[in-house]
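Report on one structure; see the data block that follows.
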Amino acid sequence: MVMVKSSPEALHRLRHSAAHILAHAVLELFPGTNFAIGPPIKDGFYYDFEREEAFTDEDLARIEARMKQIIAEGHKFEQRFVAREEASAYFRERNQPYKLELIESFADQQISLVQHGSFIDLCRGNHVEKTSDVKAVKLLSVAGAYWRGNENNKMLQRIYGTAFYSEKELDAYLTRLEEAKKRDHRKLGKQLDLFSFHIEAPGMPFYHPKGRILYDNLIRYWRDEHEAEGYLEIRTPTMLKDDLWKQSGHYDHYKENMFFSEVDEGTFAVKPMNCPGCTLVYRSSQKSYRDLPLKLAELGMVHRRERSGVLHGLFRVNAFTIDDAHIFCTEDQIEGEISKCIALVLRIYRTFGFQEIKIGLSTKPKESMGSDEIWTKAISSLKAALDHNKIEYGVNEGGGAFYGPKIDFEITDSIGREWQCGTIQLDFQMPERFGLSYIGPDNQEKRPVMVHRAVFGSIERFYGILIEHYAGAFPLWLAPVQVRLLTISEKHVAAAEKYALEIEKSGLRLERDFSNEKIGYKIRQAELQKIPYVFVVGDREAESGQVAVRQRGRKDLGSQPLESIIKRLQEEDQRKQ
């Protein structure tokens, strides 16, 4: 039987309802608890509570059991509107300060309440009809969370859970969660000796030798693809005067997440973006229409201040590299350049095995620069490129950058998780702010258009995604160590060393294990390190010029001439499969 996935809208309603059921259960089981907010989120829901004692695993089991009872009781979700005074009186009587604070923040005179059974909550609605519509629910974890996300406020306890319309969907999700735990890039990063974090540089990764090889393989591939597309690589300073960021508009939108330093010449900012530096490179010499499109690429390290509570391995860091590129072009060239960017992004993702790729068009946000006329022109240009290439896409109203609309790419990994990575942004604002120009065919100065785009986005984050996507078992072309050469005993070391020199001369990345451990142990260690190929040298191999070949996954490929297996691996490496 094929399992039908529930729609995102239906799951949103279901999980919103489950959050209310969670709060109902907690307040009933633990009198005196204060409840704050409990929204649905992408993969489930949460609710924040204030309670002196910490919730334990045993508490979660009790809460979940009571939730299932409430669900079985089939209470209807009913919404009604009351005067502010009545709503405030209700929650004041029950000593619920967070609800009172929320009511004070509302501009509405009529307050929306939602009730199921005896439980009443502040809510704008959008629930299932009755509690029994929640067919499958599971509480997952407890974490700390500041009230309203402000670290100056009280730390609350956030209970996370998930809910589905069927047990099959829930079971599939829980299986995926277990698989995700095994693939956790932080765990694999340590196991495979790729990277580490240290308190001396919070949220800033340290790449170990093998981790650096993997990083460099990514960059080498990126450079090859971009050189073939006519990009020119630049490098700009890490610190620039704060006046530059005010001019670009980043200061007003990002200053709380920027690092600053006072030096003799004034205040400098560690760059959170690469864009303004690139405009200075463009502006350093006069450009002609014959120079356009000009494609300037930069692997630029940026720094953004993140609260310690949100740092998460390579996925959320304070320092990372963006694989930026900025294309300066004429208005007539926009559609063609956007189309080339789309093709490049899709080609690179498919090299890594990401076949399911969602594309979205994000439009003008509430906080933005520029006139409605320019925004309409920019949005129309992106739509034209997508439509011309017959690409299906969704529209994210108000999700654009403050300076322009964008196309976002969301990839699905090998266990079905979705990750937003690449972006293409169309910008009429920054060329205006920085006075960029080119000389047109009529010898008059004209304003170029600026396309911002990134394929990986944050290289650190993409690196972490790849670790989890491959579960650390990287394809040959990416693997830090491609071959591990093993000896059965000490008497085979001389022959193995001769073979090692041939393998290294071929360009394959080799690691030796000529230790006195038993061969079974050596092979198991290679499997744990997820090395693609193991070559074994024993009596027969030492005499014949062959090696016994094992492929990752315990596949015995038998004895093969060293020259032929080297050639085969070189071809596999070139194919990037």
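The values are calculated or read from the model by the stated rules, or taken from the named source; none is laboratory data. From a predicted model like this one, the values you see are computed outputs, not experimental measurements. All Cβ positions, glycine included, derive from the backbone under ideal geometry; neighbour counts span all protein chains shown.
What to note about this one:
- Residue match in region 408-428 (condition: farther than 30 Å from H312 by Cβ and in the same structural domain as H253 (by TED's automatic domain parsing)): yes
Yes/no matrix, rows are residues, columns are (1) modelled with pLDDT of 95 or more; (2) more than 19 Å from T321 (Cα to Cα); (3) of a type in the set (A, V, I, L, M, F, W, C); (4) surrounded by 14 or more Cβ atoms within 10 Å (Cβ to Cβ):
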position	(1), (2), (3), (4)
R235	yes, no, no, no
K241	no, yes, no, yes
M258	no, no, yes, yes
F268	no, yes, yes, yes
M273	no, no, yes, yes
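- Any chance S248 is among the polar types (S, T, N, Q), assigned by TED's automatic domain parsing to the domain that holds I424 and surrounded by fewer than 14 Cβ atoms within 10 Å (Cβ to Cβ): no
- Residues in region 513-558 that are part of a loop (DSSP other than H, G, I, E, B) and over 33 Å from the mean Cα position of the chain (by Cα): F514, S515, N516, E517, K518, G538, G545.
- Residue, surrounded by the most Cβ atoms within 10 Å (Cβ to Cβ), within region 493-523, restricted to residues that are farther than 22 Å from E563 by Cα and small (G, A, S): S515
- Qualifying residue in region 196-209 (condition: more than 24 Å from G422 (Cα to Cα) and among the small types (G, A, S)): yes
- Residue ranges of strands (runs of 3 or more DSSP E) in region 348-418 with at least 1 members within 16 Å of the chain's Cα centre (by Cα): 357-362, 406-412
- Hits in region 394-416 - residues which are crowded, with 17+ Cβ neighbours inside 10 Å and of a type outside the set (V, I, T): G400, A401, F402, Y403, G404, P405, K406, D408, F409, D413
- Every condition in (1) at pLDDT below 95; (2) in contact with a Pro (Cβ under 6 Å, 6 or more places away or on another chain) is met by C329 except one, and the failing one is (1).
- Reported count of residues in region 141-154, each being surrounded by fewer than 16 Cβ atoms within 10 Å (Cβ to Cβ) and either among the β-branched types (V, I, T) or under 24 Å from the mean Cα position of the chain (by Cα) (or both), is 6.
- Residue in region 204-215 that is aliphatic (A, V, I, L, M) and within 19 Å of D413 (Cα to Cα) present: yes
- The listed residue being part of a helix (DSSP H, G or I), assigned by TED's automatic domain parsing to the domain that holds A201, under 21 Å from the mean Cα position of the chain (by Cα) and within 25 Å of K390 (Cβ to Cβ), out of I342, I334, I338: I342
- Residue match in region 11-25 (condition: at pLDDT below 95 and surrounded by fewer than 13 Cβ atoms within 10 Å (Cβ to Cβ)): no
- Taking region 263-290 as the range and being touching a residue at least 24 places away in the same chain (Cβ under 8 Å), over 15 Å from W245 (Cα atoms) and of a type in the set (V, I, T) as the test, only V281 passes.
- The residues of region 168-223 that are surrounded by 13 or more Cβ atoms within 10 Å (Cβ to Cβ), hydroxyl-bearing (S, T, Y) and assigned to a helix (DSSP H, G or I), listed by number, are Y173, Y215, Y221.
- Residues in region 482-500 that are more than 40 Å from the chain's Cα centre (by Cα) and part of a helix (DSSP H, G or I): 10 in all.
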